[in-house]
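What follows draws every value from the coordinates through simple rules; no lab data is involved. None of the values given here were measured: they were computed from a predicted structure. Glycine also receives a Cβ, built like all others from the backbone with ideal geometry; neighbour counts cover every protein chain displayed.
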Amino acid sequence: MLIIGEKINGTRKQVGDAIGQRDGGLIASLAHEQVEAGADYLDVNAGTGSEREADDLVWLVQTVQQAVDVPLCLDSPNAAALELALKAVDRQPMINSISGEPERLAHVLPLVVEYQCPVIALALDGSGVPKTVDDRLNIIARLVAATRAAGIADDRLYIDPLIMAISTADNAGLVACESMRRIHRQYPDAHLTGGLSNLSFGSPMRKYINQAFLVLALDAGMDAAIMDPSSPGITPFLLAAEAVLGRDRFCNKYNRAYRSGKLSSV
């Protein structure tokens, strides 16, 4: 599974303070921690939502690239900030994200086409949070029609069904998993992703909810996750689930992880 490290996000107070103070040491430390834990991409989100966002996002890109050598997932709804960040990257990034919101789609989709990036497509539009699986599928259908019309192949799409917190919607996990199953059947060449820890927001001992949801989401077709790979116990659950689901030939990855001691953290 593709792992997109989630921790460099300015909406987290520690990270937001580091961005404001231009504390490159903290950002570099978070980058190293996630890459060493297995992140394939690092999500970078300035989270400032202001006139500073473009400068902050470019600074994050430059700081992370000096620290580690993995591609980035540029996370912003602001097309102007994304365009400047795209010019600053050393390796082809992922864009996070397009959505069914007309203005966002109109301004971000041309950047996806110009830079030939993989892109996260979020099941959200201007009418608010979709309540049902059908609502999510309707938004995704419009997004896929738009990306296909723009010449973007389905295998460059990472579809996010919009994972909500079970603390406020007790069926959020069921809706997310069923959405993923139906998206996978309808668009088999597209990838499935989402913010893994969104489901546990507001709950105690969040790691257990994240671990349980990861296994269920993998079974529903998820093949990429925005997550914290350094969270205790998450790697054993991921490797074990992939082995059980037949995604690890002869359990090679699981066995290598055991021999290297990566399965000892619970």
Practice prompt. With an 8 Å cut-off on Cα pairs and a minimum separation of 6 or more residues, tell me the relative contact order of region 1-71 in percent.
Written response: 39 percent
Worksheet item: Excluding same-chain residues fewer than 8 positions from residue 207, which lysines have a Cα within less than 26 Å of its Cα?
Response: 7, 13, 131, 253, 262
Worksheet entry | Fraction of the pair-distance distribution of the chain above 32 Å, Cα-Cα pairs, percent | 20 percent
Worksheet item: What FRET efficiency, computed as 1/(1 + (r/R0)^6) with R0 = 41 Å and r the Cβ-Cβ distance, is obtained for residue 17 and residue 250, rounded to the nearest 0.05?
Response: 0.30
Practice prompt. Can you check what the Kirkwood hydrodynamic radius comes to for region 92-231, Cα pairs only, in Å to one decimal?
Written response: 15.2 Å
Discussion item. Quick check: pseudo-label points 7 Å beyond the Cα along Cα→Cβ at residue 114 and residue 50, how many nm apart are they?
Written reply: 2.7 nm
Item to complete: Evaluate the distance, in nm, between pseudo-label points positioned 7 Å from the Cα of residue 262 and of residue 185 along their respective Cα→Cβ axes.
Response: 3.4 nm
Discussion item. Over the chain, what is the relative contact order in percent, taking alpha-carbon pairs closer than 8 angstrom and at least six residues apart?
Written reply: 15 percent
Discussion item. Which three extents, in angstrom, do the Cα atoms of region 1-118 have along their principal axes, listed largest first?
Written reply: 36, 33, 22
Item to complete: Apply 1/(1 + (r/R0)^6) to the Cβ-Cβ distance of residue 146 and residue 212, taking R0 = 25 Å, and write down the FRET efficiency to the nearest 0.05.
Response: 0.15
Worksheet, complete the sentence: Using alpha-carbon coordinates alone, the radius of gyration and Dmax of region 155-223 in Å work out to 11.7, 36
